[in-house]
1. For every other residue with a beta carbon closer than 11 angstrom to the beta carbon of residue 142, add +1 if it is Lys or Arg and -1 if Asp or Glu, then tell me the sum.
2. Looking only at GluC sites (Glu not before Pro) in DSSP loops with at most 13 other Cβ atoms within 10 Å, what is the longest site-free stretch of the chain?
3. With just the Cα atoms of segment 46-198, tell me how far they stretch along each of the three principal axes, in Å, largest first.
4. Please report the antiparallel percentage of the DSSP beta bridges confined to the chain, to the nearest 5.
5. How much accessible area per residue does the chain have, counting only protein heavy atoms and a probe of 1.4 Å, in square angstrom?
6. For segment 1-126, rounded, prolate or oblate, judged on the Cα gyration tensor with a ≥ b ≥ c (square roots of eigenvalues), a/c < 1.5 rounded, else prolate if a/b > b/c?
7. So what's the net charge close to residue 60: Lys and Arg +1, Asp and Glu -1, counting the other residues with Cβ under 13 Å from its Cβ?
8. Give me the distance between the Cα centres of segment 164-192 and segment 72-90, rounded to whole Å.
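The values are calculated or read from the model by the stated rules, or taken from the named source; none is laboratory data. Predicted, not measured: the structure shown is a model, and the values here were computed from it. All Cβ positions, even for glycine, are placed from backbone atoms using ideal geometry, and neighbour counts span all protein chains on display. These accessible areas exclude ligands, DNA and RNA; they are computed on the full protein's heavy atoms, side chains included. Shrake-Rupley method; radii C 1.70, N 1.55, O 1.52, S 1.80 Å.
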Amino acid sequence: MSKSRVKGIIFDLDGTLVTSSIDFSALKQKIGCPSDQDILAYIAEIEETKKQEAALSLVMRMEFEDALTSECIPGVQAFLDKLKANNIPMAIVTRNCRVATSVKINKHNIPIKLVLTREDAPCKPNPDALNIIAEYWGFESEEVAYVGDYIYDIEAANRANMKAWAYQYQVPEGIDLQVDLSFTCFTELDISELIHSP
């Protein structure tokens, strides 16, 4: 798969930079979301205001509790330090709420300041958040990589015309999505092969 060089890197958060232990199947069951439906999309369509607020409150509480028990994924800190040393712009785009995201970033000393949560832009697989960051950096979309561990991440990268880097994830057969780089540990990544020199 292509490892063409990039000028900036955007990361997913949960399952990519830090661990997450949220049981989404149980969470969906609690709020009445069908197992095959996206939980945030389901909540957005709940017509009864109090029921919608209660469902969203439960999700946010689970995200906050998950943030408190999260761990930094092995190899992440060293990789981010190398990017920072090479002046490579970094950002995070996550479906998490802002509070839980801040807890995770602060807890693990993640050196990334540019962060967009679901409260800042439409959720992945919508590519808007990725496009906002590329425009902010002044880069063409193909000069940016988005790193994630789930189908929404790959789909968002494809829709934004960015490089899709998959961490410990393989697109299911029969789904037409492009993965430009697949890896199982951040220690596999060679900065000199992946980035443009500033």
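1. Numbers: positive: 5, 7, 163; negative: 140, 143, 180.
With Lys, Arg at +1 and Asp, Glu at -1, the net is 0.
2. Longest stretch, sites excluded: 72-118.
3. So the three principal-axis extents are 52, 36, 32 Å.
4. If we restrict to bridges inside the chain, about 5 percent are antiparallel.
5. Details: 10140 Å² over 198 residues.
Ligands and nucleic acids excluded, the figure is 51 Å² per residue.
6. prolate
7. After counting each charged neighbour, the total is -1.
8. Here the answer is 17 Å between Cα centres.
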